[in-house]
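Here's the structure we're looking at; comments come further down.
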Ligand SMILES: Cc1cc2nc3c(=O)[nH]c(=O)nc-3n(C[C@H](O)[C@H](O)[C@H](O)COP(=O)(O)O)c2cc1C
């Protein structure tokens, strides 16, 4: 085994948390949480991933509050689901893996009918495109008092997650979700101290980080997932992302996961490969949304050909700029890719689709230096996030 594979498959630490190797299962919202309750399927899914040898699995989209969800089928961090979460965590830990939860908020886009006449709230007034069919075509703007309250909401959720037994938390700063709506000039049109300059647009993110850090303490691992570019006009570009990463590093993040794109405006930038559009039209039950998808879909789901380790050049810029751990994500699909990522100085690697295709990715990669994962990036798994049975690889 090469020096870099040895590095990847030997033990490591993130802020004191011992990990059996450097491979982390990426947050992939599994959709196995009917009515917001972690189901048997979700527990089985993460146990299976743990059995395959990853150091840590990440439960995707753990909303900071009920209103932070895109749909009412997503988890939110609340006492009523603590027993199920604790069971999931215990089962994963028994297999030798750790568990992280992706602490998220949808901000200005939601189709969660539990809003009942209210609007989802983000940095600025705007169109809530996913909520049109749910009767919520607009998103409102948070007042300063509401921003302060939302910061505390993140802190409360983080405290709950630590108490519940999560080994780590990954704060979602990217993909056009609630925090990244503040960071991006495309969605943040505020003229107060939370808008305008990058320092102002980062204020909310840094306040969330500081409040979460205070809630969980200095010796608890905090990861942060960022977008290195939004992929939309007036959005974040890589030069901004380098500064964003430096600010989060100075703010006390332990590891940065470097992704890109925005789920609601340019999702293909983060996935690459086959378009999600056809699968999404197939899965969409609401006729208005289906019609909308057919109309705007081709513009929304742009074509980005898949390449192995497609974010490596940009992520390298973040690697060079910060002292904290940097986690590579995006198209790492073989031992050759892992070697490239480790040789470039990344501390950890996150895998999404590769593990959905082969939960034994790590076991297989440790046994065979020429291991190559068979995921074809058809992206059908990602079109199943709202399917009643949740996501799965349709090619196996
Ligand atoms: C089914 C599915 C669901 C996803 N859900 C999330 C999510 O909840 N949060 C997130 O940050 N990224 C999500 N992603 C993106 C992945 O974390 C990752 O950034 C992307 O799949 C690229 O990594 P990969 O090439 O290893 O798959 C999802 C991806 C897939 C395939």
>> Just to be sure I understand the filter: pairs with C-beta atoms under 6 Å, separated by 6 or more residues or on different chains, first member in segment 264-292 and on the phi < 0 side of the Ramachandran plot and touching a residue at least 24 places away in the same chain (Cβ under 8 Å), second member within 15 Å of the ligand (Cβ to nearest atom) and part of a helix (DSSP H, G or I). Which pairs pass?
In response: 276/382; 276/383; 279/383; 280/383; 283/383
> From 115, 182, 204, 109, which residue is buried (at least 20 other Cβ atoms within 10 Å of the Cβ) and within 16 Å of the ligand (Cβ to nearest atom)?
Replying inline: 109
> From the set of residues in segment 31-61 that are more than 20 Å from residue 95 (Cβ to Cβ) and within 14 Å of the ligand (Cβ to nearest atom), which is surrounded by the most Cβ atoms within 10 Å (Cβ to Cβ)?
Replying inline: 61
> part of a strand (DSSP E or B), more than 14 Å from the ligand (Cβ to nearest atom), farther than 19 Å from residue 384 by Cα and at pLDDT 95 or above, is that true of residue 99?
Replying inline: yes
> What helices (runs of 4 or more DSSP H), lying completely within segment 300-396, carry at least 2 residues that are more than 9 Å from the ligand (Cβ to nearest atom) and crowded, with 17+ Cβ neighbours inside 10 Å?
Replying inline: 312-321, 335-343, 361-367
> Taking segment 239-264 on its own, how many of its residues are within 15 Å of the ligand (Cβ to nearest atom) and out of contact with any strand residue (DSSP E or B) (no Cβ under 9 Å at 6 or more places or on another chain)?
Replying inline: 0
> Would you pick out the residues in segment 39-84 that are touching a strand residue (DSSP E or B) at 6+ places or on another chain (Cβ under 7 Å) and within 24 Å of residue 9 (Cα to Cα)?
Replying inline: 46, 49, 50, 54, 55, 56, 57, 58, 59, 60
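The values are calculated or read from the model by the stated rules, or taken from the named source; none is laboratory data. Keep in mind that what you see is a predicted model, and the values were worked out from it rather than measured. Reconstructed Cβ throughout: ideal geometry from the backbone, glycine too, with neighbour counts over all protein chains shown.
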